Each structure stands twice: as structure tokens, then as C-alpha cells.
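Take a look at the structure below.
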Amino acid sequence: MLLKMLLGFLCGVLALAAENDTAQQDPPPLLLVSFDGFRADYLQRFPMPNLKLLYSQGVLVEQLTNVFITKTFPNHYSLVTGLYAESHGILGICISNMYDPVSHKYFHVNNDTDPMWWSEAQPLWLTALDHGYKTAAVMWPGSDVTIRNRTATHFFPYNPAVTFRQRLGNITDWIQGNGTEQGVKFAALYWEEPDRSGHIFGPDNNTAMGEALKEVDDNIGLLVSELKRTGLWGRVNVLITSDHGMAQCSAERLIRLDDCLPSENYTLVDLSPVTALIPHKDPEATVALLNKCHKHLTAYLKKRIPDRLHYRNNERVQPVILIADEGWTIVQRGNKLPRLGDHGYDNSLPSMHPFMAATGPSFRQGYRLSSLHSVDLYPLMCHLLSVTAQPNNGTLTKARCLLTAEKCWDVSLMVGLVIGVLLVLTTLTVLFRFMSSRHRPGPRPFQRLQVDDDDDDDPLLE
Ligand SMILES: [Zn+2]
């Protein structure tokens, strides 16, 4: 028995060593692609044949719980840092603003390349540089900013006129490298759709969104065919995801700030669906007033923003925030609905969730997970690249299940199995007791005690 235990221990150590050896080998390049505003349930609502073929050969995470606020910039920065918005400091943006009370600077989407905004965290394209890799980031939010004095090896200034084909063509060239130049090991690629169409037409418009998603799927088809043409298919890990979903808005669902609070009583920093403001009078009284104003609006003092939103511990979070219910739009005044679709709402809402699909030599085939946190993708990508992760809010525990080389315990399956075994054992025990009680002879009927008159063993008679 002792010998068996010793052999088992040795086998375990050898297996672990072999696993570490594999992890230390030169990892495959990783291509991260984001299609902005790809709501998770578009996968059920629209055909998407190229995307479905891709994840049938790889993995699908049906819903990603993203970070609050469910806007483009915070979530793209969370994907490449593994941090909540309060930790990386990019707290708004996608038709919205930020204000920094220390530097007194305003951030706007057309003026976003001041490194000050981005340098509270280090994106993966820089961390991978520290490991001697070349990296690329094309149009990804923050990629054209000199963060902590560096950029990716290859990047472009943001220009929405550059086509998907052009963005992709540069990336496949960079991954391949050339005779003298080492290829890129990590590349991030951003595309503006279906977010743009979702804002204009609203996610419930099946015709318009069907066309937008057909284009997105065609781009995925192009991505696969280009990887095949260049011989990279099967040698590159490809991870396709998004930043957030989209909710249908309506002119029937407007919340007018002017009905709640005189405009001279506050400075507006950001508007909808999460309003950030600096009150000019008592903040407590302002919040009390706002909370009585509209049943589809919740106002918070900064210190009372719920922990689960991870949106409090940063100087750039304003003293008061207001969160609209799903599909409601906050305006200052008037009846004009600015957008038919919007995002930014509570990150617990399924309509705000994106998805994740991946394929490549490191991923399992035909495997599905129902959900994952978007901050978990950062440790997963660091693991795929054998790069030491920066401190982050994610975990590899569940994401590990997506990988071929990893042992994975499906917790829900294990709990189900244990409960099942316990139920069977309990049933068997009860059944056994019941059966044995039925076969046990019952108490014998009363018998008169027979006294043997001749019993001379009675010592008293002796
Ligand atoms: Zn957007």
C-alpha cells in the first residue's frame, strides 16, 4: 500500500513537471478581436454562420458579465487589464465624458489621448512587451496613447474610416513577421459594429440589426479565410468578444433632469444612462430629491454606490451618480430621444452582456460555458501567452475549463453528482429499513407461563 502511494505521488510530480514544461514552451500567437456592442442574444436571434462554425471548432461562453458602467471604453480597458473601472480609471465614454477633479481636466471621445487618463493600469500589449514579445493593437481604445511612456510595437491613430479588411491585413502581416523580424505574439483588433447600428436602429429592429450582423459575420468569415490563406489558421489562438450589449430605448421612456433638479444647482459631467453630476448644494439633500423624482431612476451618493458595481473607489467617480432603469433615457429637458439603442446600464442585466468565442490550438473543441466574468479573460490571455499577469480582478478558475491542457472541475456538475449519490444512498437506506421491518417476526402472542411441577432445578426447593 505504501509503495502504491509513493508511486502515485511520483507520477503526480512528473505530470506536474510535464505540464509546467508545456506552459514554458513558446506559446502560439494570440489574436483578440472585439466587435463593439455585440449583445449576447444576437447569437440566438441571427444566423451568424461563420461565427457559429468558428466556435463549433472551439469554445463559446454564452454570456460575459461585463463591468459597470457598461460603456465601450471602460469595458475595452477591462478586457486588456482584468480590472474593474474603479481600478483602471477609465470610467465612462461612448458618447459620454469624464472629469478628473485633481487635474481639472475633461475627457472626451474626440480628445482621449492624454496619457494621464490611461496610466492607472497597464494593458496587455505593454505587459507582453516586458516578456520580450512584439505586440499590436489596432484601433482598440487606448492603443494610440503613450501609456507609461510606451505603446504596442504596432498601432494606428484611431480612424473609423479604415476598413476591417485593412485593419486585419496589417495584423496578419505583423503576426507572420518576416525573415529578420520576429512576429507579433499578441494582437488586439477593434471594430465599431454592431454598436453603431444598435444605437441608430435599436436592438429590436430585426431587419436593420440583421443586416449589421450579416456584415459582422462576413468580417468573421474574412478573418478565418485570411488566417487560412496566410497559414496562420490552427497555429494562432483567436478570441472573439465584445464590450457590452444594447437595450431598446423609446421616446416614451424619457427621464427629464429639469423636472427633478434646477440646472443651476449642479454641474453635469455625463448624462445617460448613468448621469454623473457635481451638486452645488448639499449632496445628501440633492440625492434625496432625485430619488423622489422618477420611479425609473436611482440616485446614489458616491459613498453609497453598491459594492457589486465596483464603481466607487476612484477620484474620477463624481459625488452623485444616477442610474436609469433598462431602456430609460435621461435627458436634461425636452422630448427628443437621442438614440434608439443604448448601453451603460447596470451590468447585472442580460441585455448588457456580450459573449466570447475562441478557437485555436489551446482551446477545447465544441465546449460551452454559460457564463464568465469579462475580467477573467485577462488572466486567461496572460496564461495563453505565458505572461505574468499584473494585479487584476479576474480569476483563471473557471476560464481554465476552456483549455485543452487544463484539468477542470465543473463545480455545478460535481455538486449535482454528490447530491445525486446522497439521494440514492438515502433512498436505499430507507428502503432497506422498510423491508427489514416488514420481514422481522412480530411479537409472539401472549403465552401462559408453564410451570413444571416436577422442576427440581428450583434452588428454593432444594
Ligand atoms: Zn456605443
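Given R0 = 45 Å, the distance between the Cβ atoms of K281 and R196 translates into a calculated FRET efficiency of 0.70.
If you model region 329-444 as an ellipsoid using its alpha carbon gyration tensor, with each semi-axis the square root of five times an eigenvalue, the axes come out at 50, 27, 12 Å, biggest first.
Sorting V387, V33, V67, V102 from the fewest to the most surrounding beta carbons within 10 angstrom yields V102, V387, V33, V67.
Working note: 222 nm ellipticity from helices only, DSSP H runs with n ≥ 4, each -39,500 (n - 2.57), summed and divided by the residues of the chain, gives -10000 deg cm²/dmol to the nearest 500.
One decimal place: the segment L425-R229 gains 64.8 nm when fully extended, by the rule 0.36 nm per residue minus the C-alpha distance. Which part of region 134-154 falls in the paramagnetic zone of D173, meaning amide N under 16 Å from the point 7 Å along Cα-to-beta-carbon? Only 135-139, 153-154 fall inside the zone, counting backbone N under 16 Å.
Determine one quarter of the surface area of the Cα convex hull of region 28-173, which equals its mean projected area, and express it in nm² to one decimal.
It is 10.1 nm².
Region 254-338 has equivalent-ellipsoid semi-axes of 19, 15, 12 Å, by the square roots of 5 times the alpha carbon gyration tensor eigenvalues, sorted largest first. Per residue, the average separation of C-alpha pairs within less than 8 Å and at least 6 apart gives the chain a relative contact order of 26 percent.
Using the Cβ-Cβ distance between C408 and K52 with R0 set to 22 Å, the FRET efficiency works out to roughly 0.40. Exposure proxy for V430, V317, V216: other Cβ atoms within 10 Å of each Cβ, ordered fewest to most, give V430, V317, V216.
State the Kirkwood hydrodynamic radius of region 117-202 in Å, one decimal place, computed from all pairs of distinct Cα atoms.
About 13.9 Å for region 117-202.
One decimal place: the segment R368-S437 gains 20.0 nm when fully extended, by the rule 0.36 nm per residue minus the C-alpha distance. Span-like helix criteria (full DSSP H runs; alpha carbon extent of at least 20 Å along the helix axis; mean Kyte-Doolittle hydropathy of at least -0.5) are satisfied in the chain by 2-24, 206-229, 411-439.
Straightening the chain between E252 and H296 buys 14.6 nm, computed as 0.36 nm per residue apart minus the Cα-Cα spacing. The distance between label points at D114 and L268 comes to 2.1 nm (points 7 Å beyond Cα on the Cα→Cβ vector). Simple spin-label estimate for S386 and A288 gives 6.2 nm between the two label positions (7 Å along the Cα-to-Cβ direction from each Cα). Projected label points at V415 and T180, each 7 Å from Cα along the beta carbon direction, are separated by 5.9 nanometres. Using the Cβ-Cβ distance between N335 and T395 with R0 set to 35 Å, the FRET efficiency from 1/(1 + (r/R0)^6) comes to roughly 0.15. Note that the chain, at 25 °C in a medium of 0.890 mPa s, gets a Stokes-Einstein diffusion coefficient of 97 µm²/s from its Kirkwood radius over C-alpha pairs.
Taken together, the values in this text are just the output of simple stated rules run on the coordinates, not laboratory data. The structure displayed is predicted, hence computed values, not measured ones. Quick reminder, even Gly has a Cβ in these numbers, built from the backbone with ideal geometry, and neighbours come from all protein chains shown.
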